[in-house]
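The values are calculated or read from the model by the stated rules, or taken from the named source; none is laboratory data. Owing to the predicted nature of the structure, the values given are computational and were not obtained by experimental measurement. Here the Cβ positions follow ideal geometry from the backbone for every residue, glycine too, while neighbour counts run over all protein chains shown. These area figures cover heavy atoms from the full protein model, side chains too; ligands, DNA and RNA do not enter into them. Shrake-Rupley method; radii C 1.70, N 1.55, O 1.52, S 1.80 Å.
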Amino acid sequence: MSRTVYSTDVLVIGGGLAGCWAAVAAVREGVRVILAEKGYVGTSGVTATAGPGHWWVPPNPPELRQKAIAERHARGMGLSDPQWMARIIDTTWKTLPTLSNHYHFYTENGVTHYRGLRGPEYMRAMRALAIEAGVTIMDQSPIHDLTLAADGSVAGAVGEHRQLQQAFEVKAGAVVMATGGCAFFSHLLGSGNNTGDGYRMAVAAGADLSGMEFTNYYTVAPVRSNMTRSMAYSFARYFDSVGRELDIKPGPEVNEALAKALMRGKVFCWLDRVPQDIQAIMPHVQPNFVAPFDRRGINPYRDRFEVTLRGEGTIRGIGGINVIDDACQTRVPGLFAAGDAATRELIAGAVSGGGAQNSAWALSSGQWAGRGAARRRQIRTSEVVSMRISGAPLLSVEEVVTAVRQEMEPPAKNMFRSDSQLRRSLQRMDAVWAAVRDRPVSSERWRDQALRATVATARWSLNAALTRTESRGMHRRTDFPALDPHQAHRLIVSGMDQVAVCPHFALATPLEAL
Amino acid sequence: MIADLDPSICNGCGVCVQICPANVFDMGAGTPVIARTDDCQTCFLCELYCETDAIYVDPDCEAPVAVDREQISPLRGKFRRESGWGEQAAEHPNLHWRMDEIFRRAREA
Ligand SMILES: Cc1cc2nc3c(=O)[nH]c(=O)nc-3n(C[C@H](O)[C@H](O)[C@H](O)COP(=O)(O)OP(=O)(O)OC[C@H]3O[C@@H](n4cnc5c(N)ncnc54)[C@H](O)[C@@H]3O)c2cc1C
Ligand code: SF4
Ligand code: SF4
């Protein structure tokens, strides 16, 4: 296949929330920007199917933000950094109102509601904003690999326009990795394209990762459905298969309690406590929440329905590419990371950043990375760093997907972790990695790269989870159930074939310094 | 997963081919065809973008489900209507901004 070659100042990989903000911020610096997206900018990524509520704290009186940060820092169990939290609160506060031309924010009694935006409308607005600002969008154009210059800095990327079956190369002065997180094929809502591609590309180019042990957040959904919109479940009651009510209260402990109940048998949910007036408006608040019930003829406020837990991997988990400066640059010069592709340890610590921090981070880190990338400009000669793929397939797509799901999704293995189980899972993932790392799986390059990325992400996660011999936040070890004050540090993971895990003792900015 | 694209309703605009994040559709003779069902991520977004309501997505995300066109007929376009998408916006305003209040009432309950 001959390659089309494009040249640009900044290449943004991934057109979800973070990638769109990165592209807009970069183009506003007066440089040329290409935004390459595996699917379609506007529908792709987990933002498009969700309804992100951002971390939204007014600047005055100043105690409000100080209090919000102190509270959230305490929940992060020592791994977050108040300085980064302050930065995302401020950037979010200043940014969301600038979207008013493309998103209709509701104003009530003189107060405009900026905090929460509905996904499909939000991402439609982001596409419009990017086009208006002058970003060149390439839809249906998955990136396969980064290219590097001789000095080890990033020089661009290669990919394909998958609907045209046309290979391409983008030569770029800098690259923003905004490929989102990795859901380990769990069918989490909107995560189909979130296969950890950015982690694999970045690590192959020499970047490292952080927070990879915190990759086991879960969300409740009706069985066989991906609908992890959880608002209504804040009123939920749960029952076992003989109709006994279970002692499961909505709140931070709900996942653990639900997982234990599911390990004993079927669990049924009842939403009878949702007030009538809220039931009536639900289709216009979260239309996708009601759709699966409608289509099965279930009235969730009257009928009990069976539920399951969907694994979120690094999405509402924490792990991602480690960033080393305020512009979210990675260890690879010229490569920046934003959104769920980057670690959220800085702003969420050991507990999920879903519900406020993650979207504020995507929006903020996107803009910082976009601006940082725009300052580099210089185009370099490139060498592709991809692995040589040859030989006959040893595993099918389905075999790879099944193996990952079987090891990474069951709460019995991945929520309640132990040395022996983690080792068994790792052994299997290592074997799958050996079978796919330099051999084809399907006939499509982008698909194979996504499979490799997810397997690689599973291995990084399991290695980090083995190393953290304590329980902290979402990382629960049944063999080390207590918090160990000597492990209040981050774990940095690197390497493709040989995975290394190193503690990182950097000091966070103390709260008092803000 | 994607369950139906009814060619007798579809106007052949090709929007679904362009916007599906999983690239499930191929343009066929005049109307698109569902070419890669297994890749569907059950996001319902093709229903939003299809102006003729020719598309129907079944909520089962694990395996394809065969549907009966007559049976699903009353459900066609309902998600797009409730979302207030496109021309539906005036009649069905987006009430997503009420989320905060709903969460607050759940905490108080
Ligand atoms: C159901 C749900 C509800 C949520 N609710 C909230 C909330 O209320 N508050 C909150 O703060 N956070 C919430 N979150 C988290 C928040 O949505 C994410 O943190 C945010 O969307 C991340 O944006 P992103 O751009 O990094 O990733 P995404 O929006 O997932 O975008 C990544 C993009 O990269 C593309 N991509 C991947 N690989 C490649 C490749 N190889 N080449 C090209 N493109 C590629 C993907 O197709 C995708 O479009 C929620 C998440 C979920 C799943
Ligand atoms: S969007 Fe609807 S009308 Fe347009 S081609 Fe697709 S199915 Fe047909
Ligand atoms: S539900 Fe989503 S992934 Fe499936 S066909 Fe429609 S747009 Fe594509």
Mind jotting down the distance between the C-alpha centroids of segment A:258-279 and segment A:388-463, whole Å?
33
If I take the Cα coordinates of segment A:143-278 and project them onto the principal axes, what are the three extents in Å, biggest first?
65, 33, 28
Any idea what log10 I(q)/I(0) is at q = 0.11, 0.16, 0.24 Å⁻¹ for segment A:397-504, Debye with uniform C-alpha scatterers and no solvent?
-0.37, -0.72, -1.31
Using only alpha carbon pairs under 8 Å that are at least six residues apart, calculate the relative contact order of segment A:125-178 and give it in whole percent.
25
Potential lengthening between residue A:83 and residue A:161 on full extension [0.36 nm per residue; Cα-Cα distance subtracted]
24.1 nm
Using each residue's phi in segment A:153-158, evaluate 6.51 cos²θ - 1.76 cosθ + 1.60 at θ = phi - 60° and report the 3J(HN,Hα) Karplus result to the nearest Hz, with x for Gly and Pro.
7, 6, 10, x, 7, 10
Which pairs break 31 Å Cα to Cα here: A:38/A:266; A:38/A:67; A:38/B:78?
A:38/A:266; A:38/A:67
At a Förster distance of 41 Å, what's the computed FRET efficiency of residue A:5 paired with residue A:496, Cβ-Cβ distance as r, to 0.05?
0.95
Between the residues A:361, A:56, A:85, the Cα farthest towards the positive end of the dipole of the protein assembly as shown, that dipole coming from +1 and -1 charges on the beta-carbon of Lys, Arg, Asp and Glu, is from A:85
Using alpha-carbon positions, what is the distance between the centroids of segment B:45-109 and segment A:97-147, in Å?
20
Quote the charge dipole size of the protein assembly as shown about the Cα centre in Debye, to the nearest 20; the model charges only the Cβ of Lys and Arg (+1) and of Asp and Glu (-1).
860
Residues other than residue A:230 with Cβ under 12 Å of its Cβ, Lys/Arg counted +1 and Asp/Glu -1, net out at +2
Could you check the spin-label model distance between residue A:263 and residue A:398? Points 7 Å from the Cα along Cα→Cβ, value in nm.
3.1
Rounded to the nearest percent, how much of the accessible area of the protein assembly as shown (1.4 Å probe, protein heavy atoms only) is carbon and sulfur?
51
Between residue B:25 and residues 5 or more places away or on another chain, the pairs with built amide H atoms under 5 Å apart involve B:35
Considering only DSSP beta bridges where both residues belong to chain A, give the percentage that are antiparallel (nearest 5).
65
Segment B:2-108 - charge dipole about Cα centre, Lys and Arg +1 at Cβ, Asp and Glu -1, debye rounded to 20:
360
I'd like the Karplus ³J(HN,Hα) series for segment A:236-241: coefficients 6.51, -1.76, 1.60, θ = phi - 60°, whole numbers in Hz, and an x wherever there's a Gly or Pro.
6, 10, 10, 9, 8, 5
About the Cα centre of segment A:397-504, how large is the charge dipole given +1 on each Lys and Arg Cβ and -1 on each Asp and Glu Cβ? Please answer in debye to the nearest 20.
160
From the Cα centre of segment A:174-239 to that of segment A:1-48, the distance in Å is 20
Am I reading the B/A interface right? What is its buried accessible area, both sides, 1.4 Å probe, to the nearest 100 Å²?
4500
Counting partner chain Cβ atoms within 10 Å of every residue's Cβ in B:49-60, what's the average?
3
Under the 0.36 nm per residue contour assumption, what length would be gained going from the current alpha-carbon distance of residue A:512 and residue A:388 to full extension?
39.5 nm
Efficiency by 1/(1 + (r/R0)^6): what FRET value for residue B:39 and residue B:68, r their Cβ-Cβ distance, R0 = 22 Å, to the nearest 0.05?
0.40
Nearest 0.05, what FRET efficiency do residue A:131 and residue A:71 give at R0 = 41 Å with Cβ-Cβ as r?
0.60
Can you list the residues, at least 5 places off or on another chain, whose amide H is less than 5 Å from the amide H of residue A:476, using H built in the peptide plane?
A:417
Descending principal axes extents, chain A, alpha-carbon based, whole Å
66, 58, 50
What is the spin-label model distance, in nm, from residue B:91 to residue A:296 if the labels are put 7 Å beyond Cα along the C-beta direction?
2.9
